[in-house]
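Presented below is the structure to which this report refers.
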């Protein structure tokens, strides 16, 4: 049995590196497309938004928020789960399972952490209604129906879609002081950016 020559080893390593780089690029590009879709969705619904920030949790620590939207219904705390496939989960299950073709994986029920995030925001904004949602991309399908506070992008748009009315504009204006309190509470080490539309 003969061993490959150094040039053959280099060519094989180069080919393997190119395949790995291609797979990484494909995965990052797909994720960026999904994130752009959510950004467009949030732009339709929110009059202002915070993305990828830390806020005080009320117990001496901080809690991470994927997205917080100011809408005419109040403040919506959004936790994004980037999974595609058939999701098996319910309010009472500790772990949820997603099956995508031959792949199967589990993840912790995201509802508990969502409730913690909503509670942290409620402590800050106090007088404004605060709701929470776990947002899944359109490629996620829930077997037996989605659990509470869970939505795909289409369901989220239907639930929170902006209604361009004078009454909605007045509610948003009334929420501004509390929204500013939330913006001021964002911990200086915010993870990405503060975006006001």
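The values are calculated or read from the model by the stated rules, or taken from the named source; none is laboratory data. Please read all numbers here as calculations on a predicted model, not as lab measurements. Cβ sites come from the backbone with ideal geometry, for glycine too, and all protein chains shown count toward neighbours.
Take residue 80 and decide whether it is in contact with a helix residue (DSSP H, G or I) (Cβ under 7 Å, 6 or more places away or on another chain), more than 14 Å from residue 182 (Cα to Cα) and at pLDDT 90 or above. Against the criterion (in contact with a helix residue (DSSP H, G or I) (Cβ under 7 Å, 6 or more places away or on another chain), more than 14 Å from residue 182 (Cα to Cα) and at pLDDT 90 or above), residue 80 qualifies. Within the range 53-84, the only residue that satisfies the criterion of being on the phi > 0 side of the Ramachandran plot and crowded, with 16+ Cβ neighbours inside 10 Å is 74. Each residue in the range 157-166 was checked for being in contact with a strand residue (DSSP E or B) (Cβ under 8 Å, 6 or more places away or on another chain) and outside any loop (DSSP other than H, G, I, E, B), and 2 of them qualify.
Among residues of the range 43-59 being assigned to a strand (DSSP E or B) and within 15 Å of the chain's Cα centre (by Cα), the one that is farthest from residue 169 (Cα to Cα) is 54. If the condition is being in contact with a strand residue (DSSP E or B) (Cβ under 6 Å, 6 or more places away or on another chain) and surrounded by fewer than 19 Cβ atoms within 10 Å (Cβ to Cβ), then the range 117-130 contributes 122, 129.
Of all the listed residues (154, 174, 169), the sole one being at pLDDT 90 or above, assigned to a helix (DSSP H, G or I) and surrounded by fewer than 17 Cβ atoms within 10 Å (Cβ to Cβ) is 174. Which of the residues spanning the range 85-104 are exposed (fewer than 15 other Cβ atoms within 10 Å of the Cβ) and without any contact (Cβ under 8 Å) to a residue 12 or more places away in the chain? 92, 102, 104 - these are the residues of the range 85-104 that are exposed (fewer than 15 other Cβ atoms within 10 Å of the Cβ) and without any contact (Cβ under 8 Å) to a residue 12 or more places away in the chain.
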